[in-house]
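Undergrad: First the structure, then my questions, so here it is.
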Amino acid sequence: MSPWLDRQQSAPPSSVAPSVHYVGASTAIKASRQQVWDFIKPAENSVLVDPDVVRAFRAPGREGEGEIQVFISVRDGVETVSAIEVVHEIPQELAITRSIGDTDTAARGRDFLRDGEDGTTVLEHGSYFTLPAEAAGYFPQYEQQYKLHARQYVERVKAFLERSK
C-alpha cells in the first residue's frame, strides 16, 4: 500500500501515557428511570437543557450503539456543529459517548442511571479526559470546568423533568 494512503496513527511523541481522569456530578430526580432515559436519550431534547444548542438530531442510520447525534450550537454569536457517537448503551442504565473529531482519544461522556430512594432516579453525568502535557499543572481548573458542566446538566434535566409533572 502507498505510504500516502496508510491510515495508521503514529505513536505519541512521549512514551509516557497520559492518565485518564473522570469528573462528574449526580442528582436524584423525582421520575422513573424510563422517564429520565426517554428525556436524555433523544438528541432533540438537548435544546431544552443546553442554552447554546439551537438544533439537535439523530443522524440517519443506527440507533443505540453506533448512533450518531448532531448538535448545532451558537456561542458568542458563532455557530458550530458537533457530533457524538454512542459507543456503548444499556437502555435505562448507561450510555457512553465520544465526540467525533476530538483530539483526546480517551475522551468519553458517561450518563448513568440508578434507582434512588423514595422512587427517585439518580442521574450521573460525567466525562473522561486526559490533559495535554503542557496543561498538567492546570488540572484543578480543568476539573472545575468539567464539574460545572456536569452539575449544570444534571440540574437542568432535574428541573425540566420535575417541573413537567
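Undergrad: Scanning for something modelled with pLDDT of 95 or more, more than 19 Å from Val157 (Cα to Cα) and open to solvent by 60 Å² or more (accessible area, probe 1.4 Å), does segment 32-48 turn up at least one residue?
TA: No, segment 32-48 has no match at all.
Undergrad: While we're looking at this one, here's another question. Under 6 Å between Cβ atoms, which residue pairs at least 6 apart in sequence (or on different chains) link something in segment 34-56 that is at positive phi and of a type outside the set (A, V, I, L, M) with a partner that is assigned to a helix (DSSP H, G or I) and surrounded by 14 or more Cβ atoms within 10 Å (Cβ to Cβ)?
TA: none
Undergrad: Now for a separate question. For the list (1) farther than 30 Å from Ala133 by Cα; (2) open to solvent by 30 Å² or more (accessible area, probe 1.4 Å); (3) of a type in the set (A, V, I, L, M, F, W, C), I need the number of the one condition that Ala56 fails.
TA: Unmet condition: (2).
Here's the yes/no breakdown for (1) touching a strand residue (DSSP E or B) at 6+ places or on another chain (Cβ under 8 Å); (2) under 21 Å from Arg55 (Cα atoms); (3) of a type in the set (A, V, I, L, M):
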site: Val70; (1), (2), (3): yes, yes, yes
site: Ile90; (1), (2), (3): no, no, yes
site: Gly116; (1), (2), (3): yes, no, no
site: Ser127; (1), (2), (3): yes, no, no
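Undergrad: With respect to the numbered conditions (1) under 22 Å from Glu155 (Cβ atoms); (2) open to solvent by 80 Å² or more (accessible area, probe 1.4 Å); (3) in a strand (DSSP E or B), which one is the sole condition not fulfilled by Ala95?
TA: Of the numbered conditions (1) under 22 Å from Glu155 (Cβ atoms); (2) open to solvent by 80 Å² or more (accessible area, probe 1.4 Å); (3) in a strand (DSSP E or B), the odd one out for Ala95 is (2).
Undergrad: For the condition within 20 Å of Asn45 (Cβ to Cβ), in contact (Cβ under 8 Å) with a residue 60 or more places away in the chain and over 18 Å from the mean Cα position of the chain (by Cα), what is the one hit in Glu124, Glu162? Spell out how you get there, then give the answer.
TA: On the way: Glu124 fails: over 18 Å from the mean Cα position of the chain (by Cα).
Testing whether each residue is within 20 Å of Asn45 (Cβ to Cβ), in contact (Cβ under 8 Å) with a residue 60 or more places away in the chain and over 18 Å from the mean Cα position of the chain (by Cα) leaves just Glu162.
The values are calculated or read from the model by the stated rules, or taken from the named source; none is laboratory data. This is a predicted model, so every value here is computed, not measured. Here the Cβ is made from the backbone with ideal geometry for all residues, glycine too, and neighbour counts use every protein chain on show. Note: accessible area is taken over every heavy atom of the protein model, side chains too, but ligands, DNA and RNA are not part of it. Shrake-Rupley method; radii C 1.70, N 1.55, O 1.52, S 1.80 Å.
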